[in-house]
Amino acid sequence: MTANEKMTPEGNSEQLGTNSRTDVRGANSSPSDILNHHHESNGHQSNGVSGPEVGNQENGGLVIAQPEVNSLAENLATVRPTQKVATPRRRWHINYGWVTLISIMVTILGLAIDNVWVGFSGAISTLVVSVRILLPSWGQIWSQLVPGPWRSFIVGCGGLVAGIITLLMLSGANQQPDSRNIQINWDAIGAVGEVVGALGQILIAIIAVYVAWRQYVISKELTIQQNRITQQQTIDAYFQGVSDLALNDEGLLEDWPQERAIADGRTASILSSVDSEGKAKIIRFLSQSKMLTPLRRDRHLGRPILDGDGGYAEDRATGVRVIDLGVMLAGADLSGNDLRWTELSEANLVRANLCKCDLVKANFSRTILYEAKLAEADVMGTRFFYGEAETASPRSRTERPNYKTGEYTGAVIENADFTNVKRLSDAQRYYCCAWGGSKTRATIPGGCEGIPNKLER
């Protein structure tokens, strides 16, 4: 049937006219065009019959009235060429489990009736179906049972054994005239089998050790994670306890001597039981809450005095701290932690490890840093003394500090390690070179040329 033919309801084709409306009734006509053509043909056959108005012919085409569209849409199937709808084929689902059971029964039947062919066919069928069942799951089993780093190793070992066995099988080739080219050396293969068996046992032992080690690593990681959670809960309880102890019902800092003593005891106890990260958290909390800052107090009641700007007034010379760290951090490991803006003045940090710490704006005035390690620490704005670097000097047991001139306000930095410290200012470098001693001077970045050694040792 050509493009100029149309199927009639009777199934016959009729030739379409090649007029100006050929594009409307062509092979690529839209459903509305086919409806127009159908009404055109019906209009010529139903002259004088009453019914809805068909429409007028405008510019060589027909305009269909709206009431007749629905009825014509129902007859659209008679206008279009008949198309066969392809029905999907029914897919048979094979239950391989039942097939395997039937194959096993056939094998047993063959053995029972002493029929070789029946037993052989049942065995082959069982083997094929079993492989078909196991093959899709082999990839998942391989990826779950064998660790990633071991897969290539195991495949390589299998290839090595196969290659060695093949070479041994070919080792007797062409040695005897008028014989097969390939002769199997069974003695060599037996020896290789024993070696492979021994290697297999060793490999199994290695895999068992590897699995035990992985279990140990996983258990260790879980233990560390649980310890961190427990430690954080302990630190939170400490924060709440110290806050309740130091503050009154109105939220004001009203600590008494006995309360300060209990707070010191709690702090010393928890600092000895947490790691370096926990110590840093506690120091940051106490510093930001002004519990490590010497506060100006009422001489009669000992209560802190407000500074008039919404905070508590500081008194570096005669102030009293809520918590006095004392020797709590002596020899402590605080390496790699954030200690920015912390108040560590007058603390005893003998042999403390502060390597790679962020010490920006930390206060180390009158702090004992004897043999402390500050390698690669960031000391931008870190306060080691008050006043001018030329007049400042380390703390003294007998002399009172002068916070205007800097005398006896500096940190004790003898034998401290300042290797590769970051952002060391000129004033800091001068003080460290002048009062650090020869061992400390050797670690100061930029050297100490032109700066006197005031310790003379």
### Heavy atoms of Met105: accessible area, 1.4 Å probe, square angstrom to 10
130 Å²
### Query
With all protein chains present, how much of the accessible area of region 203-246 (probe radius 1.4 Å) comes from carbon and sulfur, to the nearest whole percent?
63 percent
### Query
Tell me, what are the semi-axes, in whole angstrom and largest first, of the equivalent ellipsoid of region 353-457 as set by the roots of 5 times the Cα gyration tensor eigenvalues?
19, 15, 13
### Query
How much of the accessible area of region 274-384, probe 1.4 Å, is carbon plus sulfur, in whole percent?
45 percent
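In Å², and per residue, what accessible area does region 337-457 have when probed at 1.4 Å with the other protein chains present?
Each residue of region 337-457 exposes 47 Å² on average to a 1.4 Å probe.
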### Message
List the GluC sites (Glu not before Pro) within region 227-306 that DSSP assigns to loop and that have no more than 10 neighbouring Cβ atoms inside 10 Å.
### Response
Glu250
## Note on the structure
Under a 1.4 Å probe, counting only protein heavy atoms, Phe153 has an accessible area in Å², nearest 10, of 100 Å²
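What is the extension gain from His300 to Glu388, computed as 0.36 nm multiplied by their sequence separation minus the C-alpha to C-alpha distance, in nm to one decimal? Could the numbers behind the result be given before it?
Working: separation 88, 0.36 × 88 = 31.68 nm, distance 3.50 nm.
Additional length available on full extension: 28.2 nm.
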### Task
Based on the mean of other Cβ atoms within 10 Å per residue, sort peptides 114-124, 219-229 so the most packed one is first.
114-124, 219-229
### Query
Of Lys373/Lys422; Lys281/Lys361; Lys281/Lys439, which sit over 20 Å apart, Cα to Cα?
Lys281/Lys439
### Query
What whole number of Å gives the distance from the Cα centroid of region 377-411 to the Cα centroid of region 289-358?
16 Å
### Summary
Packing-ranked peptide list from 413-424, 357-368, highest mean Cβ count within 10 angstrom first, is 357-368, 413-424
### Message
How long are the semi-axes of the equivalent ellipsoid of region 185-243, taking √(5λ) for every eigenvalue λ of the Cα gyration tensor, in whole Å from largest down?
### Response
56, 4, 4
### Query
Gap in Å between the Cα centre of region 414-456 and the Cα centre of region 257-271?
36 Å
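The values are calculated or read from the model by the stated rules, or taken from the named source; none is laboratory data. Remember, it's a predicted structure, so these values are computed and weren't measured experimentally. When we count neighbours, we look across all protein chains shown, and the Cβ atoms used for this are built from the backbone with ideal geometry, even at glycine. When the accessible area is computed, the model is the full protein with side chains, heavy atoms only, and any ligands, DNA or RNA have been set aside. Shrake-Rupley method; radii C 1.70, N 1.55, O 1.52, S 1.80 Å.
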